[in-house]
1. For region 182-199, what are the residues that are of a type in the set (Ser, Thr, Tyr) and either modelled with pLDDT of 90 or more or in contact with a His (Cβ under 7 Å, 6 or more places away or on another chain) (or both)?
2. Please work out which one of (1) surrounded by 15 or more Cβ atoms within 10 Å (Cβ to Cβ); (2) modelled with pLDDT under 90 is the condition Val62 fails and give its number.
3. Any chance you could count how many residues in region 85-100 are in a helix (DSSP H, G or I) and more than 10 Å from Tyr171 (Cβ to Cβ)?
4. Looking only at region 262-277, which residues are under 30 Å from Ala46 (Cα atoms) and buried (at least 21 other Cβ atoms within 10 Å of the Cβ)?
5. If I filter region 197-256 down to residues being among the charged types (D, E, K, R) and surrounded by fewer than 21 Cβ atoms within 10 Å (Cβ to Cβ), which single residue comes out as nearest to Val186 (Cα to Cα)?
6. Among the listed residues Ala256, Ala201, Ala169, Ala240, identify the single one that is out of contact with any Gly (no Cβ under 7 Å at 6 or more places or on another chain), more than 26 Å from Trp57 (Cα to Cα) and not basic (Lys, Arg).
7. Can you tell me which residue is modelled with the lowest pLDDT among those in region 1-39 that are surrounded by fewer than 16 Cβ atoms within 10 Å (Cβ to Cβ) and assigned to a loop (DSSP other than H, G, I, E, B)?
8. Only one residue in Arg48, Arg72 is at pLDDT below 90, among the charged types (D, E, K, R) and assigned to a helix (DSSP H, G or I). Which one?
Amino acid sequence: MSMSATSRADRTGVALTALSAAFFGSLAIYGKVADRIGIPLNELLAVRFGVAAVALWGLALVRHERLWWGRRMAGLVVMGALYVAQAATYFTSLQTVPAAVTSILLYIYPIVVMLLAAAFLGERLTRRRGVALVLAVAGVFAVVDPLSAHGNIGSAGVLFGLAAAAIYATYILTGRALLRDVPAVVATATIATTAGVVFAAAGAAAGQLRPLSGSGYALAGSMAIVATAIPATLFLAGLARVGATRAAIISTLEPAVTVVLAGLVLGEGLGPVRLLGGAAILGAAILVARTVTPGLTEPLVRE
């Protein structure tokens, strides 16, 4: 490939990854609006993952992707189960804290990956990584900011947000072992299918599955396309062009987009201390992405 072609592919990859982050940044806004109009969580996520799975399987068929069975499929089901836990904790956090706070707290996940990799994969905790850890911890305290003039935020929501980050970190590291040689589109579609089935079953067991209004179906369906299928596809295309380390850095645009959208759509304001805390967390995420083993802090697939 010529230098000019490489440069074009690089710019295209950056643009695709940035667009992916922007679309993913709308996810928390959808969750907040769905909660406000009373869509049960299990039903919302069943529709989200169900519609996204159909779209992604269609893409896999168009691309003539190879399907996998046996042990690899079992591994994908495990990944789906982890993503169920991550989505459940993320959206539960949204019910009690501002959308921007939940989105920012999720970006603690590179720090958790770094610590888990140090404990189990032999990654060294260098001075720069130590600085990232301190930045992230300070950022969390600033984001919680109990003395904020913009109001306290629920401790349960914060804990669910941090749990979502921890589960996502586990999901990423597990994917390194279970998703080798599996086409990313097929992996994403299988994980979305697993999550859709689990949330539908949970909703049925809780008696939460019921006909939605037209606006309810439109909201849940558009969340599946706009905040799930489209950004997942864009991310895969961008990742192939810029690599996992740069993709991890570019993806930190996601909570920044959420902050802007939360202000415009939901009227949420975080205040300067929480915004500074969010900047510290994202700075820590970027620092980790630049110092750990390439690809360690960015998932092979995103949903």
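The values are calculated or read from the model by the stated rules, or taken from the named source; none is laboratory data. It should be emphasised that the depicted structure is a prediction, and the values quoted were computed from it without experimental measurement. Note: ideal-geometry Cβ built from the backbone for every residue, glycine included; neighbour counts use all protein chains shown.
1. Listed by number, the residues that qualify are Thr193, Thr194.
2. For Val62, the exception is condition (1).
3. Number satisfying all stated conditions: 10.
4. Ala262
5. Step one: filter region 197-256 for residues among the charged types (D, E, K, R), giving 210, 241, 246, 254.
Checking which are surrounded by fewer than 21 Cβ atoms within 10 Å (Cβ to Cβ) leaves us with 210, 241, 246.
Details: Arg210: 30, Arg241: 19, Arg246: 23 Å.
Per the criteria, the residue is Arg241.
6. On the way: Ala201 fails: more than 26 Å from Trp57 (Cα to Cα); Ala169 fails: more than 26 Å from Trp57 (Cα to Cα); Ala240 fails: more than 26 Å from Trp57 (Cα to Cα).
Within the list Ala256, Ala201, Ala169, Ala240, the selection yields Ala256.
7. Ranking the qualifying residues of region 1-39, first place goes to Met1.
8. Arg72
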